[in-house]
Ligand code: PXG
């Protein structure tokens, strides 16, 4: 085990989405990981209730994934995918496309969820232009949405803090209302009955801007970062029908919901609604290497394949699109998901997990609980005048005093364990939070 980091050694790294000054006083250093656990620099074991950041779906440091990455690093460290290619990228793309519903047959690789949003939106805008509808450049997102921090992501996103610091934003955008209403939905287990009508707002937005101005609607099928908002029953179906009627592309951001979180390869499959473009990242490599991508419907892809032979069809891409280490990690991860039946496992555990989450109803400070698949969120009553403080304090208490890592967003705690989670871990996670709240 390496020596402890000293305060000076912490100074240079500006941590993302973190209060850095406080962190450097009370560092939460993760030195090692295995299966369901992190270990700090003293070897203290911490249960991972968050799959890292919603990504380590196969659990941590799985040997087949580590071996595949090591082998790739020793065999083909880097190969360009501009004008060249390498086997693992083609294999990964084919296998991801095989998991996707409908005609989502093509994969454009990126390195993150944020790049995937930018890529999907750019493909949508370029597709309309290629068909002679160059006026379709707006994107419609939704309040409380998180689509990453690229220019398209913050334009379409609906989290105020992620937008307000950055001046005029990249893409012109408008927003649907969030699907959450506590009075109508509090303590719903699974998809709420109330809220499908909120999709009808899209008709009003279209009437305001005109369909000829709008390229795409982007939504998370289940909003994750903002605190697990499962879609109201019938909501996604309505968005699908309205976008199709107006020639607008529908993008599902499945960066969190992809690769088993909701008990299926993709939320599109679970909800029976197929978008035109689907973004993914995180779970594609179980977090073991940076990779993201966009699944693209066949008719969209084919629109760009018009030649002539020497002409590039899409002026977009990243040096590391389909990177050999990431592609190898993805193939090994998909093997594990298949061989261990992890998506089915998530489906089987959903009821147990949901009941465990809802067992916290009535504990001090619990304002709402929501869940679907292996994702759950608990809203805590905020401390008057200090929104986010209670969530932050509970997160730190759980980590330092109760050996449990959870994600916090404001006063909402989110659970999204690796899909290898056992019932005993589920009892432990919710039990520890319950004890912490009671204390
Ligand atoms: N879309 C969605 C739906 C996401 O959840 C991104 C895009 C961006 O991905 P990258 O790889 O660029 O970070 C995300 C990322 C949290 C949390 O605690 C969630 C994310 C990232 C960090 C923290 O909820 N999601």
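Would you order 187, 271 from fewest to most other beta-carbon atoms within 10 Å of each residue's own beta-carbon? Working shown, then result.
Values: 187 14, 271 22.
Fewest-to-most ranking of 187, 271: 187, 271.
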Subject >> 416, 112 arranged by Cβ crowding within 10 Å, fewest neighbours leading >> reply: 112, 416
Original post:
Which of these, 38, 352, 320, has the largest mean-square fluctuation under a Gaussian network model of the chain (Cα springs below 10 Å)?
Top reply: 352
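Report the percentage of all Cα-Cα pairs in segment 77-166 whose separation exceeds 23 Å, rounded to a whole percent.
The answer is 41 percent, as a whole percent.
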Original post:
Who wins for biggest fluctuation among 254, 355, 344 in a Gaussian network model of the chain, springs between alpha carbons below 10 Å?
Top reply: 355
Subject >> Estimated distance in nm for a label pair at residue 63 and residue 396, the labels positioned 7 Å out from Cα along Cα-to-Cβ >> reply: 4.0
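Run through the DSSP bridge list for the chain and note the antiparallel percent, rounded to the nearest 5.
Working: 32 of 49 bridges.
That works out to approximately 65 percent antiparallel.
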Original post:
Where a ≥ b ≥ c are the square roots of the eigenvalues of the C-alpha gyration tensor, would you call the chain rounded, which needs a/c under 1.5, or, failing that, prolate if a/b is larger than b/c, or oblate?
Top reply: oblate
**OP:** Grab the DSSP H runs of the chain that are 4 residues or longer, score each as -39,500 (n - 2.57), total them, divide by all residues and round the 222 nm result to the nearest 500 deg cm²/dmol.
**Re:** -11000 deg cm²/dmol
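With a 10 Å Cβ neighbour count serving as the proxy for reagent exposure, in which order, fewest first, do 6, 188 appear?
Numbers: 6 8, 188 19.
So the ranking, lowest neighbour count to highest, is 6, 188.
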Original post:
Top mean-square fluctuation among 221, 364, 16, Gaussian network model of the chain, C-alpha springs under 10 Å?
Top reply: 16
Original post:
Which whole-number percent gives the relative contact order of the chain, counting Cα pairs below 8 Å spaced six or more residues apart?
Top reply: 22
**OP:** Name the shape class, rounded, prolate or oblate, that the alpha-carbon gyration tensor gives for segment 154-256, where a ≥ b ≥ c are the square roots of its eigenvalues, rounded holds for a/c under 1.5, and otherwise prolate holds if a/b is larger than b/c and oblate otherwise.
**Re:** oblate
Original post:
In nanometres, what is the gap between the two model label sites at residue 98 and residue 32, each 7 Å from Cα along Cα-to-Cβ?
Top reply: 3.6
**OP:** Would you mind computing, in nm to one decimal, how far apart the modelled labels at residue 383 and residue 45 are, each placed 7 Å from Cα along Cα→Cβ?
**Re:** 3.3
**OP:** Measure out, as a whole number of angstrom, how far apart the alpha-carbon centroids of segment 120-169 and segment 382-439 sit.
**Re:** 32
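Which of rounded, prolate, oblate describes segment 325-368, given a ≥ b ≥ c as roots of the alpha-carbon gyration tensor eigenvalues and a/c under 1.5 marking rounded, otherwise prolate only if a/b is larger than b/c?
Values: a/c = 6.95, a/b = 2.48, b/c = 2.81.
The shape class here is oblate.
Every number in this text was worked out from the coordinates using simple rules, so none of it is lab data. Since the structure is predicted, the reported quantities are computational estimates derived from the model, not experimental observations. Cβ: placed from backbone, ideal geometry, glycine included. Neighbour counts: every protein chain shown.
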